[in-house]
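A.B. asks: Please find one structure pasted underneath; my questions will follow.
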Amino acid sequence: MGTQFCHVDAGLSVRIRGLRPFERRKLATANLEIELDTENLVVHLDGQIVQNLSVIAPGQFVLSDVGLGDSGWHKLELFDDDKLARALRYFIIDTPQVSWQADLAPVFAASCAGELCHGPTPKGSRIDLSTYESWKTRAGLIRRRLLLGEMPIGDSLPHETIKRVSRWVEGGMLP
């Protein structure tokens, strides 16, 4: 019996940084770096051509602050001329928009304000958390201390309020 060989075409080598196959994302924008040995890269997002593609070197491309779509499943496709080089599916998680002014400032006023806690003129070594900027700077620490029950002193916040703080942090910390 003879030996048989089969030719397998491995296709084009493609590398995408900034988005993974079947990724679940909370943020609907991304910076993508694409490596593909072509001069004629065309990118489609859900069947529509993406316009803001920049060439940084031969075979290296960048998409800056590309909108990845609304909540749900999406497909990013890379074409070398008319030949599909790579298709990548991903999911955008629906995260309600939470803002500091509308959603968190009232929580701060009711549970954290005053000189014994966090401002606007706290006593002792306590940190002033009466502004958006102070919350944004310390967002991770605030969320961690709320989740651990270390804040506020006394009665803990309702679970839904703590989830709202987490959604604010995860959703981009809107003012």
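A.B. asks: Among the residues of the stretch 11-36, write down those that are surrounded by 13 or more Cβ atoms within 10 Å (Cβ to Cβ), within 15 Å of Arg86 (Cα to Cα) and of a type in the set (D, E, K, R).
C.D. replies: Correct list: Glu33, Glu35.
A.B. asks: While we're on this one: If you check Arg89, Arg126, which single one turns out to be out of contact with any helix residue (DSSP H, G or I) (no Cβ under 9 Å at 6 or more places or on another chain), basic (Lys, Arg) and modelled with pLDDT of 90 or more? Let's see the steps before the verdict.
C.D. replies: Details: Arg126 fails: modelled with pLDDT of 90 or more.
Among Arg89, Arg126, only Arg89 is out of contact with any helix residue (DSSP H, G or I) (no Cβ under 9 Å at 6 or more places or on another chain), basic (Lys, Arg) and modelled with pLDDT of 90 or more.
A.B. asks: If you don't mind, another one. Scan the helices (runs of 4 or more DSSP H) fully inside the stretch 74-164 and keep the ones with 2 or more residues being aliphatic (A, V, I, L, M) and surrounded by 12 or more Cβ atoms within 10 Å (Cβ to Cβ). So that I can check it myself, show each step before the final result.
C.D. replies: Working: elements: 105-111, 132-137, 139-147.
It comes to 105-111, 139-147.
A.B. asks: Continuing with this model, one more query. In contact (Cβ under 8 Å) with a residue 24 or more places away in the chain, closer than 12 Å to Cys112 by Cα and not hydroxyl-bearing (Ser, Thr, Tyr): which single residue out of Leu157, Leu146 fits that description?
C.D. replies: Numbers: Leu146 fails: in contact (Cβ under 8 Å) with a residue 24 or more places away in the chain.
Result of the check over Leu157, Leu146: Leu157.
The values are calculated or read from the model by the stated rules, or taken from the named source; none is laboratory data. Here the structure is a predicted model, which is why all the values come from computation and not from measurement. Don't worry about glycine lacking a Cβ; one is built from the backbone with ideal geometry, like all the others, and counts go over all protein chains shown.
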